[in-house]
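Inspection log for the structure reproduced underneath, given as C-alpha cells.
The values are calculated or read from the model by the stated rules, or taken from the named source; none is laboratory data. Owing to the predicted nature of the structure, the values given are computational and were not obtained by experimental measurement. Counting neighbours? That spans all protein chains shown, and the Cβs are built from the backbone with ideal geometry, glycine included.
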Amino acid sequence: MNFSSSPPPSLHPLPPSSSHDLSKIMTTVFLALAFVLGFPGNLFVVWTVLCCVARRSVTCLLVLNLAMADALVLLTTPFFMRYAAGGQGWEFGMAFCKLVHYLCGVNMYASIFLITTMSLDRFLAVSRPFLSKHLRTKRALLKILLVIWSLAFLFAIPMLVYRRVFTKGGLFYCILFHNDPKHMIFQYLMGDHRWVPDSLHHYPILLFIHLLEIEKHHV
C-alpha cells in the first residue's frame, strides 16, 4: 500500500481496554443500525419517488435528492464498522481513506443545502404564495440542484487533501494531517467538523425563516 512519507502526527494513546472495548461495541452497533435501517429506507424513498409518483412536485424532488445524499453516505458505513470493530486499524488503503471521508463531506454539504432550500421554499409558499407559484418551476429547481451538488462536491475537497494514512504500532490509521496550522484552520472553517457549517450556515437561516413565518401568522 502506498502511504504518505510525511512524518506522522502524534496519535493519542488508547483509553483503558474495558472502556475502549465498550466504545468499539457501541460505535459498531450504532453504525450497523444506521446502515440496516437507513440505507434500505432511503432506497425505498428513491424507488417510491421514481417509480410510484407520476407528477413529482418541487418538494418531492428535494426529498428525492436528500434521500440520495443519505444513501450515498450510508454506503461508507461498512468501512467505518470494520475500522471500529476490527481492531486492525485502517485496512483499505489511502484511496479509500480519502474517498469515504470525501463522500461524508459531500453528504454533509448536500444535506445542509437541500434542507435549507426546502425551508426557503416553505417560507415563500407561506409568505409569498403568488411569487412562490411563479418561481417554483422544474427548470428553476434543476438549476438549483445543479448548484447544490456542485457546491457540495467542491466544498468537500479538503476531505481529499487532508486525510492521510499513517502507521503506528504496526497498524495503519486514517487521520487528519496538516503541514501548516493555517491549513487546519481553513479546513475547520470549511466544515470538516459538522458543527461548523451547521451552526454558521444552516440553523441561523432556518431560525430566521421560521421566525418570519411566525410573525406572518401573527399579523
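Looking only at residues of the range 45-87 that are of a type in the set (Ser, Thr, Tyr) and in a helix (DSSP H, G or I), we find that the one that is farthest from the chain's Cα centre (by Cα) is Thr48. Cβ-Cβ distances below 6 Å connect the following pairs, each with a first residue in the range 119-130 that is surrounded by 15 or more Cβ atoms within 10 Å (Cβ to Cβ), a second residue that is in a helix (DSSP H, G or I) and basic (Lys, Arg), and a separation of six or more residues or different chains: Ser127/Lys216.
Has the range 136-153 got at least one residue that is loosely packed, with under 15 Cβ neighbours inside 10 Å and of a type in the set (Ser, Thr, Tyr)? Within the range 136-153 (the criterion being loosely packed, with under 15 Cβ neighbours inside 10 Å and of a type in the set (Ser, Thr, Tyr)), the answer is yes, since at least one residue qualifies. Each residue in the range 138-181 was checked for being closer than 16 Å to Leu62 by Cβ and either modelled with pLDDT under 85 or in a strand (DSSP E or B) (or both), and 1 pass.
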